[in-house]
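The values are calculated or read from the model by the stated rules, or taken from the named source; none is laboratory data. All values derive from a computational prediction rather than experimental measurement. FYI the Cβ positions are ideal-geometry reconstructions off the backbone, even for glycines, and counts take in every protein chain you see.
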Amino acid sequence: MMRSNSQLITLPNKTDFRDDSRFLGSDFAGSDPYGHQMAFTSYYLSIDGQPTYMVMGEFIFERIDPWQWRDDLIKLKMSGINVVSTYVYWNFHQPKEGQWNNHGRMDVRKFACLCRELGLYLIIRIGPYVHSEIRNGGLPDWLYGKPYRVRESDQGFLSAVEDYFQHLGHELDGMMYAQGGPIIGCQVDNEYGHSSSPWEMTNGMGDEWVNMGGGGDQYMKDLRRIAERAGFVVPFYTATAWGGASTTKRALPMWGGYAYRPWLFFQPWMRTEKEHPATQEYLYQNFHSDEAVGRSSYDSFEPRYRPETMPYACCEIGAGMFNSYAYRFVVDPRSVDALANVKLASGCNFLGYYLYRGGTDPLIDGHYMNESQTPHIEYDFQAPIGQWGQIRESYRRLKTLHYFVRSFGSTLCGMHTVLPENAEMLSPEDTDTLRYAVRARDNSGFLFINNFQDHAQMHDKRQQNIDIVVPKRDGGQSNIQFRNLGLLAGENCILPFNMDCDGILVRSATMQPLLRTMVEGMITYVFFRPEGMPSASLFFDHDVVSLPDDGDCMIVYRHGETGKKVRFLFLSRVLADSLYCVSDPRPGAGVNDRVLFFSPEVILQDEGGIRLESAEDITTLFVYPKVQFVIANGRIHIGNGSDALARMECSLNSRDSTMRVDKVDKNKWALTIDLKHFTGLKNVMLNIKYQGDVGQAFIDGKLIHDNFNNGQTWQIGLHEYRDQLKESTLVIVIVPEKGNVAIDVDSPMAARHEQTTESRAELLSATLSNVYETRISLAVPGE
């Protein structure tokens, strides 16, 4: 057992917590036709004068079949996302000079309309260069032989870009915020002056790279001028700022961070690293303090502006990462929300993730559209929402964090970061020292603790004591005591102090706030126990309430100063991660009333009602309040719930899946799939485990999917191929592991090499699993 460890952090006096927020001006503001105003201050975004916390997820529509757009955008929204970001790939939309493709996956207008319909803001990243592990970084092949330099203020190149922007602007006419549309922001180019991509047509014949860009801010200004002329007039422009990239003073600098970095191992013979180093991403910083940034050793934040003059906003917090051929790994799902926790505590008032929903690359004009280090088709990214719409643990954990941000973000936006004295001395390799930070304003705030580190093994933290010295209104000080804190290795948490819960003061808590909502007309606060916390308690003014050690759910009530009754719901972490907050659809329900579903599967809600999407034919739902419901295609059994939650066992109408597997060559298998099981299903997944280097799937000789083996199950959604499979078999080809080929497999410590001395290619298993969907109808009270 670790010895007791005490920490002290002192908040500045109230006068030092000055409101340094100021409006940034017309380049960072805009209005819609309905009178709503959006404007950035130097600290946060305000909408109609109110601080507003934005949570953004990258959803690249061209990499997703259109039938999935709607439901997977709903999945983003259900997880607390309120802004969608997307790249537009020039080479997808204009693969040949003078020929445009605006249909199917390339129907950008349809995608923007869906975002508007679902109430999601949209930030569009239009290039011309975007990187994104796509062919030529998004530049069309036909630019390679033109008599001008790309990514420069060369008139020939700018003329081609203007033609592209004009075409895109025409497609999106009416979709800008000022026109009543969802598009609030626009990014031109990407990582300009910092990164590049291979010209894929030179692969193996010189391996030339796209120009990184040397035009500086002038090139970025030229692109913005062309974009605005094409109709991209939005409240603000953004620019990726890491790596010393050009941004210009008129664009919002955007940041990010990745714990898994395949570019360190781009080619085996070019390696500078034998093992992946532990990164600095899980150490708390203060990104909105000139002084703190000047002292910090963090190597991925070197702004070209004074940090206190601009918001700290992110567009590429790593929500996963692609497997490259030279570097294979498994993303720890805890790494994603831990990184978001650190960014949040470090002053971030705009969380943005890359990539939130994985995808696949289409074949266009006979060309594979991938970057050569990635699979031809697969771009799953181990994202929170997989390439076939699968929900991963990282999605559930992020949803829990986003509910907190969306509920308390307006307060959080005005809170400053305070670091302990030893913060700048910590290194990623230090796995013993407690990592914590505070965001506070006056005498209230949140204590952030992180116990995750990439490429290193953290230890369970136990018997930790933290004292927070806060200023008092009379000029004195008081002490907030957190005692006997604990946190399992890999976990993170957020604990409140002096939190005003609608007139009820929570002095401190060893539970994390999750949600403030309305249930059957009563204000309801939801808290949960972090994993490893020995005692989960709320310390009110005059008493303490604790969730029993073996308890998953508990409800208490308190009355505020005005006599208003407030409900407090306490949960375990498992229940918290399974929570979906949906609008109460029952007649008579208030416009702000919500129903809380708890499901290991996916709950969706749109104007058509509530739906359950499940990878299992039998699943258990818990519901608060204790209402009953029916499902459209299946049976409900009322189980033994708790004093607070109703329990429903859902048996969905299952389908039999049959498949015959025939080995037709030493590394080739033919799969004959019975299509009867598709009836009434949302999708059918082919799940493959294999031994080998690369897996490839073909129908009628055409590659439909591929996979770089990283030890995980290879999945293929069959919905898009169901018609082809009526007449054809699906052929699996496994490229064998060969002697002296290094296959990297990530361990908790670092990347390792696995060298083989014999050829190995074996299909270990191939199974089918179903994806079900059913509508849920809530019973009306009294029925």
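Here the stretch 94-135 is the region considered, the condition is being under 25 Å from the mean Cα position of the chain (by Cα) and of a type in the set (Phe, Trp, Tyr), and the residue that is surrounded by the fewest Cβ atoms within 10 Å (Cβ to Cβ) is Tyr121.
Could you say whether any residue in the stretch 693-703 is assigned to a loop (DSSP other than H, G, I, E, B) and touching a Leu at 6+ places or on another chain (Cβ under 9 Å)?
no
Quick check on Glu607: is it out of contact with any strand residue (DSSP E or B) (no Cβ under 7 Å at 6 or more places or on another chain) and on the phi < 0 side of the Ramachandran plot? Spell out how you get there, then give the answer.
Details: out of contact with any strand residue (DSSP E or B) (no Cβ under 7 Å at 6 or more places or on another chain): yes; on the phi < 0 side of the Ramachandran plot: yes.
Spelling it out, Glu607 is indeed out of contact with any strand residue (DSSP E or B) (no Cβ under 7 Å at 6 or more places or on another chain) and on the phi < 0 side of the Ramachandran plot.
Determine if the stretch 369-379 includes at least one residue that is in contact (Cβ under 8 Å) with a residue 60 or more places away in the chain, over 30 Å from Leu596 (Cβ atoms), surrounded by 23 or more Cβ atoms within 10 Å (Cβ to Cβ) and aromatic (Phe, Trp, Tyr). Yes - at least one qualifying residue is present in the stretch 369-379. Can you tell me which residue in the stretch 572-598 is nearest to Glu393 (Cα to Cα), limited to those that are surrounded by fewer than 20 Cβ atoms within 10 Å (Cβ to Cβ) and polar (S, T, N, Q)? The selected residue is Ser572.
Taking the listed residues Val330, Val342, Val336, the one that is in a loop (DSSP other than H, G, I, E, B) and either not assigned by TED's automatic domain parsing to the domain that holds Leu76 or not hydroxyl-bearing (Ser, Thr, Tyr) (or both) is Val330, with no other qualifying.
Taking the condition more than 17 Å from Ile126 (Cα to Cα), in contact with an Asp or Glu (Cβ under 8 Å, 6 or more places away or on another chain), in a helix (DSSP H, G or I) and of a type outside the set (Ser, Thr, Tyr), does Leu264 pass?
yes
When the stretch 400-450 is filtered for residues that are part of a helix (DSSP H, G or I), out of contact with any helix residue (DSSP H, G or I) (no Cβ under 6 Å at 6 or more places or on another chain) and closer than 30 Å to Pro600 by Cβ, the ones remaining, listed by number, are His402, Tyr403, Phe404, Val405, Arg406, Ser407, Phe408, Gly409, Leu412. Hey, any hits in the stretch 151-159 for a residue that's in a loop (DSSP other than H, G, I, E, B), touching a strand residue (DSSP E or B) at 6+ places or on another chain (Cβ under 7 Å) and polar (S, T, N, Q)? No. Scan the stretch 606-616 and give yes if some residue there is over 26 Å from the mean Cα position of the chain (by Cα), surrounded by 14 or more Cβ atoms within 10 Å (Cβ to Cβ), within 30 Å of Phe698 (Cα to Cα) and in contact (Cβ under 8 Å) with a residue 60 or more places away in the chain, otherwise no. No, the conditions are met nowhere in the stretch 606-616. The set of residues in the stretch 529-564 being surrounded by 15 or more Cβ atoms within 10 Å (Cβ to Cβ), free of Cβ contacts under 8 Å to residues at least 60 places away in the same chain and among the acidic types (Asp, Glu) consists of Glu531 alone. Residue count for the stretch 712-731, restricted to those that are free of Cβ contacts under 8 Å to residues at least 60 places away in the same chain and not hydroxyl-bearing (Ser, Thr, Tyr): 8. Restrict the check to the stretch 562-583 and report whether at least one residue is charged (D, E, K, R) and closer than 30 Å to Thr729 by Cβ. No, the stretch 562-583 contains no residue that is charged (D, E, K, R) and closer than 30 Å to Thr729 by Cβ. When we screen Met205, Met254, Met212, Met220 for residues that are outside any loop (DSSP other than H, G, I, E, B), over 22 Å from the mean Cα position of the chain (by Cα) and of a type in the set (A, V, I, L, M, F, W, C), the only hit is Met220. Here the condition is being touching a Cys at 6+ places or on another chain (Cβ under 6 Å) and surrounded by fewer than 21 Cβ atoms within 10 Å (Cβ to Cβ); of Pro51, Pro66, Pro33, it holds for Pro51 alone.
Condition check ((1) in contact with a helix residue (DSSP H, G or I) (Cβ under 8 Å, 6 or more places away or on another chain); (2) modelled with pLDDT under 95; (3) assigned by TED's automatic domain parsing to the domain that holds Leu120; (4) within 27 Å of Thr360 (Cα to Cα)) across all residues:
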residue	(1), (2), (3), (4)
Ser31	yes, no, no, no
Gly35	no, no, no, no
Ala39	yes, no, no, no
Ser42	yes, no, no, no
Leu45	no, no, no, no
Glu62	yes, no, yes, yes
Pro66	yes, no, yes, yes
Arg70	yes, no, yes, yes
Lys75	yes, no, yes, yes
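Picking from Leu355, Leu363, Leu398, Leu339, which residue would you name as being within 30 Å of Gln99 (Cβ to Cβ), surrounded by 24 or more Cβ atoms within 10 Å (Cβ to Cβ) and of a type in the set (A, V, I, L, M, F, W, C)?
Only one candidate qualifies: Leu355.
Every residue, every condition in (1) in the same structural domain as Ile734 (by TED's automatic domain parsing); (2) surrounded by 20 or more Cβ atoms within 10 Å (Cβ to Cβ); (3) of a type in the set (Gly, Ala, Ser), yes or no:
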| residue | (1), (2), (3) |
| --- | --- |
| Val602 | no, yes, no |
| Val630 | no, no, no |
| Ser642 | no, no, yes |
| Ala670 | yes, no, yes |
| Asp674 | yes, no, no |
| Asn687 | yes, no, no |
| Leu703 | yes, no, no |
| Asp706 | yes, yes, no |
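Listed conditions (1) within 26 Å of Tyr403 (Cα to Cα); (2) out of contact with any strand residue (DSSP E or B) (no Cβ under 6 Å at 6 or more places or on another chain) are all met by Ser85, apart from (2). Report yes if Glu228 is among the acidic types (Asp, Glu), in a loop (DSSP other than H, G, I, E, B) and outside the structural domain of Thr431 (by TED's automatic domain parsing), otherwise no. The answer is no for Glu228. Among the residues of the stretch 91-105, is any part of a helix (DSSP H, G or I) and more than 21 Å from Asp65 (Cβ to Cβ)? No, there is no match, as no residue in the stretch 91-105 is part of a helix (DSSP H, G or I) and more than 21 Å from Asp65 (Cβ to Cβ). Looking at the stretch 478-501, is at least one residue closer than 30 Å to Gly588 by Cα, in contact with a strand residue (DSSP E or B) (Cβ under 9 Å, 6 or more places away or on another chain) and either among the hydrophobic types (A, V, I, L, M, F, W, C) or in contact (Cβ under 8 Å) with a residue 60 or more places away in the chain (or both)? Yes, that holds for at least one residue. All of (1) within 29 Å of Leu118 (Cβ to Cβ); (2) surrounded by fewer than 17 Cβ atoms within 10 Å (Cβ to Cβ) hold for Phe622 with one exception: (2).
Matching residues to (1) under 28 Å from Gly609 (Cα atoms); (2) modelled with pLDDT of 95 or more; (3) under 32 Å from the mean Cα position of the chain (by Cα); (4) not charged (D, E, K, R):
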{"residue": "Phe540", "(1), (2), (3), (4)": "no, yes, no, yes"}
{"residue": "Val545", "(1), (2), (3), (4)": "no, yes, no, yes"}
{"residue": "Arg567", "(1), (2), (3), (4)": "yes, yes, yes, no"}
{"residue": "Phe570", "(1), (2), (3), (4)": "yes, yes, yes, yes"}
{"residue": "Pro587", "(1), (2), (3), (4)": "yes, no, no, yes"}
{"residue": "Phe597", "(1), (2), (3), (4)": "yes, yes, yes, yes"}
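May I ask you to verify whether Thr279 is part of a loop (DSSP other than H, G, I, E, B), polar (S, T, N, Q), crowded, with 19+ Cβ neighbours inside 10 Å and touching a strand residue (DSSP E or B) at 6+ places or on another chain (Cβ under 7 Å)? Spelling it out, it is not the case that Thr279 is part of a loop (DSSP other than H, G, I, E, B), polar (S, T, N, Q), crowded, with 19+ Cβ neighbours inside 10 Å and touching a strand residue (DSSP E or B) at 6+ places or on another chain (Cβ under 7 Å).
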